[in-house]
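Before any comments, here is the structure.
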Amino acid sequence: MNILFIGDIIGKPGRRAVRELLPALVNEHSIDLVIANCENAAAGFGITRDIIEELYASHIDILTSGNHVWDKKEALEFISDYETLLRPANYPAAVPGHGSVLYPTPGGDYVGVLNLAGRIFMQPIDCPFVKAQEEIARLRARTKVIIVDIHAEATSEKKALGWYLDGQVSAVLGTHTHVQTADDEILPGGTAYLSDAGMTGPFDSVIGIKKETIIEKFLTQIPNKFDVAKKDIRLQGAVLDIDPASGRARAIERISVKLNE
C-alpha cells in the first residue's frame, strides 16, 4: 500500500501546487491514499468550507490540521460535517470535529489516520501521548495501518512520540514548522518516522509568508499583516510503502517537487 502525505498547504499557491502536481505524483508512485495538512490553506491561516471542497476536488482523501484550524471562526460551524477533515484528537472533548478516521482504500483495506497536537511551545491541551493510546486501541480493532500526524513545534516531542508509538502505528509524521527535515527512517518496530513533512506553497518566503514582512517584524517587533508569498512554489511531503497485513512500514521517501511557473 502506497500512501502520500503532503506537508502543510499554504494559501492559494499551496492549493495550486496540489491541483497541478498531485496527479503526476499519484501516477508515479501508484498512490492508494492521499493525506494532507490543510490548516494554513486559507490565505495562510485557517480553513473555509469552499477551500475544503476545493482540496477534496483535487483528490485529497483525508485532511489533517492543527492549532491554526480555528483561525477562521466559520470552521467551528462546518468542521463536524466532514468525517475526513480532522482536528487534533487531544483537544478537549467538547471541541467540535473528529480527531481520527478509518478510511477504505480502493484495494479494500482500511487505513486509520490520527491527528495530534504537541504541547511544547504550544497550547496546553490534553496529553498527546495518552490520547494516542486511546485512539490507537480503537483504530487497531479495524486495521493495522495507522498514520499519525503530530502537529508540533518541538522536534524532541515529535521524536519522543515516534519512539513511544514504534511498533503500534505505521507512521508518525510531523507537521507545523513548514521546514522539511532530513531524518526520515524506519524505526526498529516498523514505524516510519519524519520530524516534519515540510511545506506545500511558496518558498521565496519565510515559512510561506512574504519575507520582507517577517524581516520587518523581527527588526521592529511591531505587529504587521502577514500575507502569503507567491514565488518558487513547491509540494513537499513523504511517500510511504506500508504492508497492509502487518501495518509495518517498508519504506519512507521524502519528496519535494517544484511547480513550473
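Quick look at the values:
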quantity: Tabulated pairs, the stretch 144-172, first over 15 Å from Asn90 (Cβ atoms), second assigned to a helix (DSSP H, G or I), C-beta under 6 angstrom, 6+ apart or interchain; calculated: Ile146/Leu139; Gln168/Ile136
quantity: Condition broken by Gly162, with the remaining ones in (1) open to solvent by 10 Å² or more (accessible area, probe 1.4 Å); (2) part of a helix (DSSP H, G or I) satisfied; calculated: (1)
quantity: Some residue of the stretch 93-114 being over 22 Å from Gly237 (Cβ atoms), of a type outside the set (Gly, Ala, Ser), at pLDDT 95 or above and surrounded by 22 or more Cβ atoms within 10 Å (Cβ to Cβ); calculated: no
quantity: Test: residue in the stretch 128-148 that is within 24 Å of Gly46 (Cα to Cα), touching a strand residue (DSSP E or B) at 6+ places or on another chain (Cβ under 6 Å), among the basic types (Lys, Arg) and not in a loop (DSSP other than H, G, I, E, B); calculated: no
quantity: Within the stretch 229-261, considering residues that are surrounded by 14 or more Cβ atoms within 10 Å (Cβ to Cβ) and of a type in the set (Lys, Arg), the one nearest to Asp109 (Cα to Cα); calculated: Arg248
quantity: Residue list for the stretch 21-70, restricted to those being out of contact with any strand residue (DSSP E or B) (no Cβ under 8 Å at 6 or more places or on another chain), among the charged types (D, E, K, R) and touching a residue at least 12 places away in the same chain (Cβ under 8 Å); calculated: Arg49, Glu54
quantity: Lys210, sole failed condition from (1) touching a residue at least 24 places away in the same chain (Cβ under 8 Å); (2) surrounded by 17 or more Cβ atoms within 10 Å (Cβ to Cβ); calculated: (1)
quantity: Residue identified as over 18 Å from Gly7 (Cβ atoms) and crowded, with 22+ Cβ neighbours inside 10 Å among Val130, Val148, Val169; calculated: Val169
quantity: Every pair of residues 6+ apart whose Cβ atoms lie under 8 Å, when the first sits in the stretch 244-261 and is over 19 Å from Val113 (Cα atoms) and of a type in the set (S, T, N, Q) while the second is at pLDDT 95 or above and open to solvent by 40 Å² or more (accessible area, probe 1.4 Å); calculated: Ser256/Gln180; Ser256/Arg234
quantity: Odd one out for Glu83 among (1) among the charged types (D, E, K, R); (2) open to solvent by less than 70 Å² (accessible area, probe 1.4 Å); (3) assigned to a loop (DSSP other than H, G, I, E, B); calculated: (2)
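Residue by residue, here is whether (1) at pLDDT below 95; (2) buried (at least 16 other Cβ atoms within 10 Å of the Cβ); (3) touching a Ser or Thr at 6+ places or on another chain (Cβ under 7 Å); (4) among the β-branched types (Val, Ile, Thr) holds:
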| position | (1), (2), (3), (4) |
| --- | --- |
| Asn37 | no, yes, yes, no |
| Thr48 | no, no, no, yes |
| Leu55 | no, yes, no, no |
| Lys72 | no, yes, yes, no |
| Ile79 | no, yes, no, yes |
| Glu134 | no, no, no, no |
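The values are calculated or read from the model by the stated rules, or taken from the named source; none is laboratory data. It should be emphasised that the depicted structure is a prediction, and the values quoted were computed from it without experimental measurement. Here Cβ is always computed from backbone atoms with ideal geometry, including for glycine, and neighbour counts include all displayed protein chains. To get the accessible areas, we keep the full protein, side chains included, count just its heavy atoms, and leave off ligands, DNA and RNA. Shrake-Rupley method; radii C 1.70, N 1.55, O 1.52, S 1.80 Å.
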